[in-house]
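The values are calculated or read from the model by the stated rules, or taken from the named source; none is laboratory data. Every value quoted in this text rests on a predicted model; they were computed, and no experiment measured them. Please note: Cβ atoms are built from the backbone with ideal geometry, for glycine as well, and neighbour counts cover all protein chains shown.
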Amino acid sequence: MIGKKEHLKKSEGQISEVPGIDDNESIYDTTSNKRASRAGVYGFAVLVFAISFLIVFAVLFPVLQAYAVLAAAVVGLLCSFTFRVAPQWERAVLLRMGKFHKVAGPGLYVVIPLVDSIAMFVDQRMITSSFVAEQALTADLVSVDMDAVLYWMVFDSRKACMEVANFPQAVMRSAQAAIRDAVGQVTLAELSVRRCQLDHELEEFMADKCEEWGISVLSVAIRDIRIPKDLQQSLAREAQAERERDARVLLAEVERDISEMYVEAARVYNQEEGAMELRAMNLSYESARDGKGVLIAPSSLADGFVEKSRLKG
C-alpha cells in the first residue's frame, strides 16, 4: 500500500502549499524552545578577538600609534572568523571558492577568510517535528484531519546541504504526502484499528525517501484523528441505535424462552390429570404458610392440605 512510490510522487507534485508548514520556518522551530546554549562558541570568538587584538596592538603601537587600534581590530576580526569551534552536536558545511570542501566539527576548525564560506550549520541531534494533514480523504471518501509526530535526525550533513534546498521543509512535506497517501488506502473504520500498522509503514517509506538526503527517520507516530462534527454525531446515533437493537433482540429472545417454558408447562398440565390440582394446592399452601392472610378453601382442598402435612410429618 504505502510502497507505491509512484503514487506518492504524484501526490507530492500536486502540493503547492501545505497547511501547517511555514516556508520560512527554521529547522529547529518545530522542537522545544529549550535548546543547548551556544555561549561557548561565541565566547571562544570573543576570546580569539581579544587575544589577537592585544598582541597586534602591543606590536604595532610603537610604530603606528594612532593606526595601531584599527590594525589590531582588523586582525582580531580576521582571527575570530578564521578560528572557529563547533559544539559536539553541530557540523559546519564548508565551501572553498564555491565548491564543497569539507564538513567541519565538532571542535576547532579553520576557515580561510574570503576563500572559505560556511554554507550551513547542521544540528545532528534527534529532532521532533509535529505536522498536520488536513482534509485527507479515506478510501470511503471521508474527510479527516491527521495530527502526527516525526522523529528524525541528519546523519550526512553534506547530503542534507547539497542534495536539497530546504531539507526540513522537504522532510515535512514528504511526511504529509505520505500520510495522505496512506489514509487514502483505508476506510474510516480501518483507520483507527490499523494506526500502529500505518505508523510502521510510514516510518519505512519515510526512511527510504529521506535516506538520499542524508536524513534518518527514527519513528512516525499518529497522535490524533479528527473527523467532522456532523459525522461524529451521525456515528454516535448509529452506535446508540445498534445498542438499542441489541437490547431489543436480547429482550425478545428472553420472552421467547419464557413463552416456550409456558407452552411446555401447559402441555404437562394437559397430559397429567393431577398436575393442575397439585399446582393449585402448592400455590395455596405457600400463601397460607406466609401467614399474611386468611385462606378459605373448599373441604376437598383442605383435605389435600391435611394429607400433604401428614406426608411431610
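From the list Arg243, Arg248, the one residue that fits, being outside the structural domain of Val142 (by TED's automatic domain parsing), modelled with pLDDT under 80 and exposed (fewer than 13 other Cβ atoms within 10 Å of the Cβ), is Arg243.
Yes or no, residue by residue, for (1) touching a residue at least 40 places away in the same chain (Cβ under 8 Å); (2) buried (at least 18 other Cβ atoms within 10 Å of the Cβ); (3) under 19 Å from Arg158 (Cα atoms):
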residue	(1), (2), (3)
Ile55	no, no, no
Leu60	no, no, no
Phe100	yes, no, yes
Ala104	no, yes, yes
Leu114	no, no, no
Met126	yes, no, yes
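Taking the conditions exactly as written (of a type in the set (Lys, Arg), modelled with pLDDT of 90 or more and part of a loop (DSSP other than H, G, I, E, B)), does Arg125 satisfy them or not? Taking the combined requirement at face value, the residue satisfies it. Among the residues of the stretch 93-111, not a single one is at pLDDT 90 or above, touching a Gly at 6+ places or on another chain (Cβ under 9 Å) and outside any loop (DSSP other than H, G, I, E, B).
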